Amino acid sequence: QVQLVESGGGLVQPGGSLRLSCAASEFALSNYAIGWFRQAPGKEREGVSCIDRDDGSTYYADSVKGRFTISRDNAKSMIYLQMHSLKPEDTAVYHCATLWDPVGSARNCLEYGRHQWGTGTLVTVSS
């Protein structure tokens with residue numbers, strides 16, 4: 001099994017910044033794309049950002065473009081989500097997940113199949 005552990009969540013004021021971390025494994029990073037997803041109370045889970053396997057291509061949801069940046073450190077087997085200009089609507093539980101595309105028809109890695117999920121870290125944006 002692939003273990004995923006998120007950290008870095010907390011309380012931040014609107015306009016502030018926060019960096020989330022996802023500790024994975026060498027096996028996970030070499031075999032899967034990695035994505036960040038979030039779920040707010042009363043809402044469906046939505047894809048936030050992802051980074052592909054070999055070429056490292058990235059994709060962002062329209063709601064976070066220009067504010068969030070996903071990155072990968074292969075040496076440390078870590079994936080980060082740097083968040084700037086945070087808004088109250090960014091409040092949610094954030095999960096990382098391993099992703100793959102068995103059919104090859106996905107337009108971006110957020111549309112890949114979801115393999116394993118981390119347990120999540122809570123981000124609260126409030127003054």
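The values are calculated or read from the model by the stated rules, or taken from the named source; none is laboratory data. Model, not experiment: these values are computed from the prediction. Positions of Cβ are backbone-derived with ideal geometry, glycine not excepted, and every protein chain shown enters the neighbour counts. Please note that ligands, DNA and RNA were not included when accessible areas were found on the heavy atoms of the full protein model with its side chains. Shrake-Rupley method; radii C 1.70, N 1.55, O 1.52, S 1.80 Å.
Quick look at the numbers
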read-out: Cα-projected label distance for Gln13 with Asp54, points at 7 Å along beta-carbon direction, nm; value: 4.8
read-out: Accessible area in square angstrom per residue, the chain, 1.4 angstrom probe; value: 53
read-out: Positive-end residue of Trp36, Leu11, Thr119, charge dipole of the chain with Cβ unit charges; value: Leu11
read-out: Pair Glu89, Lys76: separation of 7 Å Cα→Cβ label points (nm); value: 3.2
read-out: Neighbour-limited loop hits for trypsin sites (Lys or Arg not before Pro), region 58-104 (at most 10 other Cβ within 10 Å; DSSP other than H, G, I, E, B); value: Lys65
read-out: Cβ-placed point charges (K, R +1; D, E -1), dipole of the chain about Cα centre in debye, nearest 20; value: 260
